[in-house]
Amino acid sequence: MLSFLIKRILSAIPTLLIAYTLVFFIAHATPGSPWDSGGNRPIEPSIKAVLDAKYNLDKPLYVQYTSYLWNALRGDFGPSYRDRTQSVNDIVARFLPVSLKLGAAAMLLAVLLGLPLGALAALTRHPAVDGLIRMISTLGISMPTYVVTSILIVSLGVGLGLVPTFGWKGLFTASSLVPIFSLALAPLAAVIRCFRTSMLEVMNLDFVRTARAKGMKPLPIIIHHMGRNALIPAITVAGSYAAYVLVGSFFVESIAGIPGFGRYFVLAIAARDYPVIIGTTLIYAVIVVVINLLVDLSYFLLDPRARLEQGR
Amino acid sequence: MSEILLEARDIEVRFNAVRAVDGVSLTVAPGETLAIVGESGCGKTTLGRSLALLQRPTSGKVTFNGAELTALSDRQLRQARRQLQMVFQDPYASLDPRQRVGEIVGEPLLIAGVDRATRQKRVAELLDMVGLGADMAQRLPREFSGGQRQRIGIARALACEPKLIICDEPLSALDVSIQAQIVNLLIDLQRRLRLTYVFISHDLAVVRQMASRVAVMYLGRIVEIAETEQLFSAPRHPYTVALLSSVPTLGSGPSPVAEDFLLAGDPPSPSRVPGGCRFHTRCWLSGKLGHPERCATQAPVSTGEGGHLAACHFSDEIAPLLSTSPLLKGAA
Amino acid sequence: MSVLDLAPPRDAGMVTRLWRFIRHNPALSLALAFLLLVLALALFSSFLPHDAYRQNVLVRNSGPSLKYWLGTDALGRDMVARLAVGARVSLTVAVASTIIAVAIGVLVGTIAAYAGGFIDNAIMRFVDSMYAFPDTLFAILFAALIKGQLGGDASGWMAPLAEAYRLSGGLLGVLLTLGLTGWVTTSRLVRAQVLSLKHAEYVLACRLAGASHWFIIRKHLLPNTLPVILIAVTFVVPNAILLEAGLSFIGVGIDPPTPSWGTMIASGAQSIQSYPHLLVFPALAIGLTLLALNVVGDALRDLLDPAVSASRGAAT
């Protein structure tokens, strides 16, 4: 268990390092000094020198590479170029919680809705139910989040007036409905698809057929035998969509006007605010890696076979 | 044996901790057929591939036609082993499904730089030689049966007029009635083209029909090697005896005597080779002799006369035991 | 030959089977018809009644009408014409970036699998790192870099590139971005396939015949990887269209005034309240195109390799 955990964490390090390296060099290959804000107000050379020294910008590139990494490891991602009074950390603290809440709610919705729908599709095998569920899943996999958000806002907000078309009033208000559902659609489709397939597989396993032959009622079999075995792949799939939900938030938050991390990232890109870009990208990388780790871990805890394989 | 076409010396093939082939030496004379037999997993396929240097041996030397293949670079090797070809086990995996038969058989010629017209003529000749019509050249492999595919594989091996063909279980994927046809084809080709074969198989009946000499492999080593008739009539290794007595014969049902020589259990994993004689954990002879300590502690050396070598401490004890067993005589 | 050794019967031609397959699959026929329509619009956009760039202040933000089928945008430009040119941009990006991405993926995957050992390990470690990371994020960063380098006043050897970038209205940047970041899935699929083919007995036979590595790759490995490459294409093409619109939406893709579905959605989102048609039509265009591509891709994967399409989970 411990050795598995250590191995997984160690293997995440190169991933993060490569991500950091790529982002660092991309940011530094992009022209412009951090301190010239648009060029119309040239910065005083003495102040520039102080700022450069503070953030090691007067040092050779490899020193900057290591010192930024060192600072980032200690949790300091540097200042924002766009708004020098704010550090990346301040921005994260202000905008990330909104996105995290949205993302978590979307994932929760996807799992809570996806599992029963997937099970229903597998159990009823009614062509209409099956067809409907297949349609949802194909739609969910094909439709980009920005399309879903647009259509939902236009139909529910502009057309029916059920939800606000723009802005954010908190997680438990009507303003969060469209964003949450937009983000949830793709993982929802994936969970339905995956849970349906694995339920069908499990239903044909010998022990389930034996239990049915013994006269056990369907529901206890489902819960006792099938759920757990079919749950693992569904969880893995849901986890693999965490990154998708993160990225989806760029578009959803931008369209729906939600002051979250994703929207801020898009604005930072437009403004070429490189510390913010590097910092947020790294934080995204860490989130993705951590979620992947958690997914692996849940896999490991739920499936004894995975434990055996890893032990080898 | 005055002439030597192929010589292997102390070949060892390791995959991480596993020694698939563990110190094999053998020679093949021009015109003969050396059979290599053994249970699956004993390393005979790996040995066959390492003789052709498709699998470079971890250590040891392979000399073919006067050239030391193991000392050559990849580029030199391509030239030097032109006349060493293989016929493979799986007639379904050994033909590229996207190539036409003519392309498959003519590919070695294409690589050798033979021009198109000559190639077409030669392909027709080769297809004819293996009993398929020249008009088959435009077909795809999937249109053929297993036996026909194996004929195509043989035609490809013959394309560049090889001296030696390594046949890696060429029959095991075929139906029994087809096996006989392929055996006859191989024997016929050998006679007509003066071929030399290394024939890897687990089918002792076929081996007896085809081979001039037989090497018996167990867990990566050759435990006995002899002329075919000698090996079948007077085996000197308990493992060989066990293999021979497991050959089913028509008309004779299971006999209590045969069980004397049968193998106990499965072969040990090649990653955990027993110490001493590697066969002692399954050896009936060792059991009969009261499990002598030598078997478990000391690795036997191959000894014998007249080219009949066996790696067993007690190989002289076998002949008297066999004379009392009518069953083995019948089987052999 | 004996009864047991019968050759299998010859089967029907590929075209016949394909046609039968399409006819018995209404969703597929519909999807193909829609894609053909999009393709026709893209190819013949100049024959449409209105010009995609012609501004007309008199008909700003007008709704769908007989004259302007899908209405006009904030500058009075015809939506149909703009969607058609947007389709051309999308399809150009999809085709060109897919060629680049798949070529890189095939190269990387083949080299990794064929070379094996240390090279394989190093390459796959890198690929795994790319995989663990949302490709959209990489694409955004990459596109921002290219825009930064080429969008401004470039000098020296970059100058001609910057000129080409300007002339293409940002298309070049999107192409490079998607080409250079979209090869990861392909390389994995190709690697797995080459790895399994590398030890095929027909490859061994070819090696024995004295073939060079290049000969083996060209004659055996690549032709037999073709179905897998096509499967990769079914993933890469929709992803390219999705990402192009995404990049343009964020502002690091196609530059105005060139219409792109992504920029149209972005500007439509700003007037969602008063002129929803500006958002809905481009959103529908891209949504339906992606849906159709996925339906076709699914069918193609079923045709090529049932095993792959069954085992595919959240591959994209």
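Of the helices (runs of 4 or more DSSP H) entirely within region B:71-140, those holding at least 2 residues that are free of Cβ contacts under 8 Å to residues at least 40 places away in the same chain and within 9 Å of another protein chain (Cβ to nearest Cβ) occupy B:74-80, B:101-112. Residues in region C:10-31 that are open to solvent by 60 Å² or more (accessible area, probe 1.4 Å) and not in a loop (DSSP other than H, G, I, E, B): C:Met14, C:Val15, C:Thr16, C:Arg17, C:Leu18, C:Trp19, C:Arg20, C:Phe21, C:Arg23, C:Pro26, C:Leu30. Criterion first (open to solvent by less than 20 Å² (accessible area, probe 1.4 Å), more than 23 Å from the chain's Cα centre (by Cα) and modelled with pLDDT of 85 or more) does B:Leu285 satisfy it? Yes. Applying the set (1) at pLDDT below 75; (2) under 26 Å from A:Val288 (Cα atoms); (3) of a type in the set (Lys, Arg) to A:Lys217 leaves exactly one unmet item: (2). Looking only at residues in region A:1-38 that are more than 11 Å from chain C (Cβ to nearest Cβ) and not in a helix (DSSP H, G or I), the one that is modelled with the highest pLDDT is A:Met1. B:Asn16 meets each of the listed conditions (1) at positive phi; (2) more than 14 Å from chain C (Cβ to nearest Cβ) apart from (2).
How about region B:141-180: which of its residues are over 16 Å from C:Tyr202 (Cα atoms), within 10 Å of chain C (Cβ to nearest Cβ) and basic (Lys, Arg)? Correct list: empty. Every condition in (1) modelled with pLDDT under 75; (2) over 28 Å from A:His126 (Cβ atoms); (3) more than 14 Å from chain C (Cβ to nearest Cβ); (4) open to solvent by 50 Å² or more (accessible area, probe 1.4 Å) holds for A:Ala306 except the one numbered (4). Residues in region B:5-35 that are touching a residue at least 60 places away in the same chain (Cβ under 8 Å), outside any loop (DSSP other than H, G, I, E, B), under 19 Å from B:Arg81 (Cα atoms) and not hydroxyl-bearing (Ser, Thr, Tyr): B:Leu6, B:Leu26, B:Val28, B:Leu34. Checked against the criterion of being more than 14 Å from chain A (Cβ to nearest Cβ) and closer than 20 Å to A:Tyr146 by Cβ, the candidates C:Ala74, C:Ala143 yield just one match: C:Ala74.
Looking only at region B:67-84, decide whether some residue is open to solvent by less than 30 Å² (accessible area, probe 1.4 Å) and of a type in the set (S, T, N, Q). No, because not a single residue in region B:67-84 is open to solvent by less than 30 Å² (accessible area, probe 1.4 Å) and of a type in the set (S, T, N, Q). Screening region B:145-227 for helices (runs of 4 or more DSSP H) wholly inside it with 1 or more residues that are under 25 Å from B:Ser315 (Cα atoms) and open to solvent by 10 Å² or more (accessible area, probe 1.4 Å) returns the ranges B:204-210. Selection of region C:106-125 for residues being of a type outside the set (Ser, Thr, Tyr), more than 10 Å from chain A (Cβ to nearest Cβ), surrounded by fewer than 22 Cβ atoms within 10 Å (Cβ to Cβ) and in a helix (DSSP H, G or I) yields C:Leu107, C:Val108, C:Ile111, C:Ala115, C:Gly117, C:Phe118, C:Ile119, C:Asp120, C:Asn121, C:Ala122, C:Ile123, C:Met124.
Any chance you could count how many residues in region A:137-177 are in a helix (DSSP H, G or I), in contact (Cβ under 8 Å) with a residue 24 or more places away in the chain and either surrounded by fewer than 19 Cβ atoms within 10 Å (Cβ to Cβ) or within 11 Å of chain C (Cβ to nearest Cβ) (or both)? Going through region A:137-177 one residue at a time, the tally reaches 12.
Could you tell me whether C:Ser212 is open to solvent by 40 Å² or more (accessible area, probe 1.4 Å) and either more than 14 Å from chain B (Cβ to nearest Cβ) or out of contact with any Pro (no Cβ under 6 Å at 6 or more places or on another chain) (or both)? Answer is yes for this residue. From the list A:Gly118, A:Gly157, A:Gly140, the lone residue that is under 18 Å from A:Ala243 (Cβ atoms) and small (Gly, Ala, Ser) is A:Gly140. Just for region C:262-298: of the residues that are open to solvent by less than 10 Å² (accessible area, probe 1.4 Å) and closer than 17 Å to C:Val237 by Cα, which one is modelled with the lowest pLDDT? That would be C:Gly262.
Residue-by-condition table, conditions (1) more than 12 Å from the chain's Cα centre (by Cα); (2) at pLDDT below 80; (3) in a helix (DSSP H, G or I):
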{"residue": "A:Phe250", "(1), (2), (3)": "no, no, yes"}
{"residue": "A:Pro259", "(1), (2), (3)": "yes, no, no"}
{"residue": "A:Phe265", "(1), (2), (3)": "yes, no, yes"}
{"residue": "A:Ala268", "(1), (2), (3)": "yes, no, yes"}
{"residue": "A:Asn292", "(1), (2), (3)": "no, yes, yes"}
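Restricting C:Asp128, C:Asp153 to residues that are modelled with pLDDT under 85, closer than 22 Å to C:Ala232 by Cβ and either small (Gly, Ala, Ser) or open to solvent by 10 Å² or more (accessible area, probe 1.4 Å) (or both) narrows the list to C:Asp128. Taken across region C:52-66, residues that are more than 14 Å from chain A (Cβ to nearest Cβ), among the small types (Gly, Ala, Ser) and surrounded by 14 or more Cβ atoms within 10 Å (Cβ to Cβ) do occur, with at least one present.
Just give me the residues in region B:162-187 being more than 26 Å from B:Thr46 (Cβ to Cβ) and hydroxyl-bearing (Ser, Thr, Tyr), in sequence order. B:Ser177, the sole residue that qualifies.
The values are calculated or read from the model by the stated rules, or taken from the named source; none is laboratory data. A quick note: this is a predicted structure, and the numbers were derived from the prediction, not measured. Glycine also receives a Cβ, built like all others from the backbone with ideal geometry; neighbour counts cover every protein chain displayed. To get the accessible areas, we keep the full protein, side chains included, count just its heavy atoms, and leave off ligands, DNA and RNA. Shrake-Rupley method; radii C 1.70, N 1.55, O 1.52, S 1.80 Å.
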